[in-house]
Amino acid sequence: MKRDPVIIIVVALVVSAMLAVGVYKSRRSPDQTKTSGAGMKGQSAPDFALQALDGKTVHLSDFRGKAVLLNFWATWCQPCKIEMPWFADLQNHYASEGLQVVGIAMDDASPQEIGKFAKDLGVNYVVLIGKEEVGDSYGGVPFLPTTFYIGRDGTVVDKVFGLKGRGEIESAIKKALSQGQAVQAQK
Amino acid sequence: MSLFKQDLNRAVTISSYPCRRAMRLSPKLAANLLALSCWLVLTCLAVAQDLPPGKRLPSVTMSPPRTITVTRGKPGTVDLHFRIDGGFHINSNTPTTEFLIPTTLKLTAPTDIVVGKVIYPPGEQMSFPFAPDEKLSVYTGVLVLGVLVRPLVTVVPGKYAFHGQLKYQACDKAACYPPRQLPVDFLINVAKGSAARKRNPGQSPHVHR
């Protein structure tokens, strides 16, 4: 069988072009679709009412005036397990400055199982039982962990996909704490 | 000398179409262009594999299964082949911690065909950047599950369809995706097999031994 180099080269170039277009589109599209982080930035964080592990109903608006780290997680998510102890630690460290960490469990597990899981990881912050519609109101949460940083004025400062380093999390917390500080001072 | 080298050694001329008559590449240029093309393809593939979390959704697909023939009354094993996208892993059937969701195959069988156990391969013990000190039992790449089936002796020979779902939960190196279910369908061919020897054949004066 004779192989013509020109044909091989043309095929290789076409395949490369298709792959490049695919990669380009997949890199761009999340920023333009409902999985977007940029789409929520600067917008007011949607309020919600969710049940806490103790059965009480908690609203996002209950934390008005505080910077909120809103973390969507699940018991089946291994990367989530890594950052939860960091969140607990950061909650201790920045509580006096006005930080509130809120975990939303997007899980089919029972509240008891979720509570046990969180306790084993040393979670000291508010944990709520998630609902799909709350994830949808935040632009969709197709994978976990997904974390929103909400400023004191209630606007979304940042949205982060997947596991990030502790340093990055702390920087985003500082940014959220500084957002809306002027508003607080005026009040 | 390989055919390919022979191709390169001659000037590349495609004369079957008049418009291509002018296309004449020196062997060196052709070799360089070929190398560049291969590099481009490999680079694009590498970049596609290393997209940040959430930029690609995990995909598990089932290869078209081969229809196997099982003799009625006898057991047989159907191998089902699944492909897990590069860059993703799914938990094995026996994950290392209680909260992880195991990969499971649930099947409904036609009447009079017994589905035995599903044979899951042992998971690979792997650690990931999100927990370098912890080993997880996972499947990556190609996953082959064996399904034991046994048609009863009363089954009419022919083709029988099985339906079910593979439940899995995938993660990449920094994020996890909600559990998903992949439809699983396959056929088996039930054969009559050789006539069973009767221990106590009917007595007849016309039976010849």
Grab the Cα-Cα distance for B:Lys167 and B:Lys28, subtract it from 0.36 nm times how many residues apart they are, and report the gain in nm with one decimal.
44.8 nm
Take the alpha-carbon positions of region A:37-186, form their convex hull, and give its projected area averaged over all directions (one quarter of the hull surface) in nm².
8.0 nm²
In sequence order, what are the phi-derived ³J(HN,Hα) couplings for region A:163-171 according to the Karplus relation 6.51 cos²θ - 1.76 cosθ + 1.60 with θ = phi - 60°, rounded to whole Hz, with x for glycine and proline?
6, 10, x, 4, x, 5, 5, 5, 4
Using each residue's phi in region B:162-176, evaluate 6.51 cos²θ - 1.76 cosθ + 1.60 at θ = phi - 60° and report the 3J(HN,Hα) Karplus result to the nearest Hz, with x for Gly and Pro.
10, 10, x, 9, 9, 9, 8, 9, 9, 9, 10, 6, 9, 8, 10
Computed from the beta carbon distance with a Förster radius of 35 Å, FRET efficiency for B:Ser63 and A:Glu170 to the nearest 0.05 stands at 0.15
Put a dot 7 Å past each Cα toward the Cβ at A:Leu121 and A:Lys56; how far apart are the dots in nm?
2.2 nm
Excluding A:Ala74 itself, what net charge comes from residues whose Cβ is under 9 Å from its Cβ, given Lys and Arg +1 and Asp and Glu -1?
-2
With a 1.4 Å probe, what is the total accessible area buried between chains B and A, in Å² rounded to the nearest 100?
3300 Å²
Given the pairs A:Lys159/B:Lys167; A:Lys119/A:Lys164; A:Lys119/A:Lys159, which span a C-alpha to C-alpha distance of over 24 angstrom in this model?
A:Lys159/B:Lys167; A:Lys119/A:Lys159
Sum up the charges of everything whose Cβ sits under 11 Å from the Cβ of B:Val60, counting Lys and Arg as +1 and Asp and Glu as -1, but leave B:Val60 out.
+2
Ignoring solvent entirely, what values of log10 I(q)/I(0) come out of the Debye formula for region B:60-191 at 0.13, 0.15, 0.20 Å⁻¹ when each Cα is a single scatterer?
-0.58, -0.72, -1.07
Whose amide H sits under 5 Å from the amide H of A:Leu128, counting only residues 5 or more places off or on another chain, with H placed in the peptide plane?
A:Gly103, A:Ile104, A:Ala105
Straight-line reach from B:Lys28: which aspartates and glutamates fall under 18 Å, measuring Cα to Cα and dropping same-chain residues less than 8 apart?
A:Asp4, B:Asp7
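The values are calculated or read from the model by the stated rules, or taken from the named source; none is laboratory data. What you are looking at is a predicted structure, and each value in this text was computed from that prediction instead of being measured. Glycine gets a Cβ as well: all are built from the backbone with ideal geometry, and neighbour counts include every protein chain shown. Heavy atoms of the whole protein, side chains included, go into the accessibility calculation; ligands, DNA and RNA do not. Shrake-Rupley method; radii C 1.70, N 1.55, O 1.52, S 1.80 Å.
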